[in-house]
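Student: Below you'll find the structure I mean.
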Amino acid sequence: MTVKVAINGYGTIGKRVADAVSLQDDMEIVGVTKTRPTFEAKMAVSKGYDLYIAVPENIPKFEEAGIPVKGTLDDLLGICDVVVDCTPGKEGVNNLEKYRKFGVKAIFQGGEKHENIGMSFNSLSNYQENLGVDYTRVVSCNTTGLARTIYPLVKEFGVKKVYATMVRRGPDPNNSKKGPVNAIVPVLKVPSHHGPDLKTVIHDLDIDTMAVAVPTTLMHLHCNVVLLGREATSEEVIRLWENTPRVAFVHGKEGVDSTAQIMEMAKDMKRDRSDLNEISVWKDGVHVVGSTLYYYQAIHQESDVVPENIDCIRAMFRLTDDNMASIKKTNEALGIE
Ligand code: NAD
């Protein structure tokens, strides 16, 4: 079976998911939507994607701009098996009824609330829960990062409690309108939404999170403290993550002192768009004292959720019931670790 995939909202996440789907042999893109005739709309067409318009009254603007249009969102929903909704946060839920009406499955993103969709997804921790479901949401970039490193700890050592602090990028690099520009902004609600969000994919976890937003666009950084279920060594934890997909070590002693060098590495690796789908953990920042683990990890917010969307499609259509098989297949197609 080749799953026919539509992307609603060809923005930061949508264009990356479209390209990732195009690299798989068991799914294909049948169309993407734009609302306005921007450079991204032109690029989508030049890449060979059929363009559908989510706001039909804007179709004349595309015609004026000379951008060929295949139809409306409704037309696209008539020819796809699943829609990956990548519209801005809190807007996706407004489309749920439409997707139901057209009888298509839908994947939402982390900007939507779990309660509104009813199910959440992470490739490593709860793929099986999502087998055959019609609607789910891939958890946010930060929650995906937490799940990737914490779930293996739960399995291997048991976890009594997690305290995690998210140091969040302000906006994405392409956003010239949002800040902070010269401030550090704490999230005063404790726990921040990240802890409860992680529990939607690792249900019994005891976790408290705090968050601050800082004036950077490159990546998020997490400072995590984990009370393990037993005494361990740093080497044991490092070995565990070395064998965990989509977790990659970086080394301060090799000059990777900050998120700036991580992104420079991604450029040197010639990844598409300089993306880094893996979660970066500082190997020389992993410390275990008795049964308490301290570590730092960095999240490339624009790309870590992309492979999860691919695995999520496989789970929803039961292309494989084995999450590790899907992860391996996705990683090979995308050239990630
Ligand atoms: P974005 O603003 O970059 O892209 C959204 C796209 O949707 C744009 O192309 C916009 O024109 C289009 N759009 C707007 N309204 C629409 C509508 N009503 N119908 C169809 N399309 C519409 O947003 P993004 O950063 O890609 O975020 C998308 C989702 O992914 C959000 O839920 C967000 O929380 C989540 N997410 C974002 C990031 C990130 O760092 N950018 C990371 C993980 C998850």
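Student: Two decimals is fine: what is log10 I(q)/I(0) at q = 0.27 Å⁻¹ for the range 273-337, from a Debye sum with one equal scatterer on every Cα and no solvent?
Tutor: -1.08
Student: Then there's this: Starting from the Cα of Lys161, draw a straight line to each of the aspartates and glutamates and keep only those under 19 Å, dropping any in the same chain fewer than 8 residues away.
Tutor: Within the straight-line cut-off, Lys161 pairs with Asp197, Asp204, Asp206, Asp208, Glu231, Glu236.
Student: Could you work out the helix-only [θ] at 222 nm for the chain, with each DSSP H run of four or more residues adding -39,500 (n - 2.57) and the total divided by the number of residues, to the nearest 500 deg cm²/dmol?
Tutor: On the way: 12 runs with 104 residues, N = 337.
Estimated from H runs of four or more residues: -8500 deg cm²/dmol.
Student: May I pose another question? Residues with amide H under 5 Å of Gly11's amide H, sequence separation 5 or more or different chain, H placed in the peptide plane at 1.01 Å from N; which?
Tutor: Under 5 Å from the amide H of Gly11 lies no amide H from a residue far enough along the sequence or on another chain.
Student: Then there is this: Please report the carbon-and-sulfur percent of the accessible area for the chain; probe 1.4 Å, protein heavy atoms only, DNA, RNA and ligands left out.
Tutor: C and S fraction of accessible area: 52 percent.
Student: So which trypsin sites (Lys or Arg not before Pro) in the range 73-119 pass both tests, a DSSP loop state and at most 14 other Cβ atoms within 10 Å of the Cβ?
Tutor: Lys90
Student: With a cut-off of 8 Å between alpha carbons and a minimum separation of six or more residues, what is the relative contact order of the range 154-265 in percent?
Tutor: The value is 36 percent.
Student: Using a 1.4 angstrom probe, figure out how much accessible area the chain has per residue, in square angstrom, rounded to the nearest whole.
Tutor: In whole numbers, the chain has 43 Å² accessible per residue.
Student: Treating the beta-carbon of each Lys and Arg as +1 and of each Asp and Glu as -1, no other charges, what is the dipole magnitude of the chain about its Cα centre, to the nearest 20 debye? Each step should come with its number before you reach the end.
Tutor: On the way: 39 positive and 45 negative charges, 126 e Å.
In debye, rounded to 20, the chain gives about 600.
Student: Counting other Cβ atoms within 10 Å, keep those with at most 15, restrict to DSSP loop, and tell me which trypsin sites (Lys or Arg not before Pro) in the range 1-88 are left.
Tutor: When the trypsin sites (Lys or Arg not before Pro) of the range 1-88 are filtered for loop state and at most 15 Cβ neighbours within 10 Å, Lys47 remain.
Student: DSSP H helices in the chain with Cα extent of 18 Å or more along the helix axis and mean Kyte-Doolittle hydropathy at least 0.5? Spell out each step's value before the answer.
Tutor: Working: long enough: 141-156 (24 Å, -0.01).
Qualifying helices, which must be both long enough and hydrophobic enough, do not occur.
Student: While we're on this one: What aspartates and glutamates does Lys61 reach when the alpha-carbon gap must be under 18 Å and sequence neighbours fewer than 8 apart in one chain are set aside?
Tutor: Hits, sequence-local ones excluded: Glu40, Asp50.
The values are calculated or read from the model by the stated rules, or taken from the named source; none is laboratory data. Not measured: the values here are computed from a predicted model. Cβ: placed from backbone, ideal geometry, glycine included. Neighbour counts: every protein chain shown. Just the protein is used for accessible areas: all its heavy atoms, side chains included, with ligands, DNA and RNA removed. Shrake-Rupley method; radii C 1.70, N 1.55, O 1.52, S 1.80 Å.
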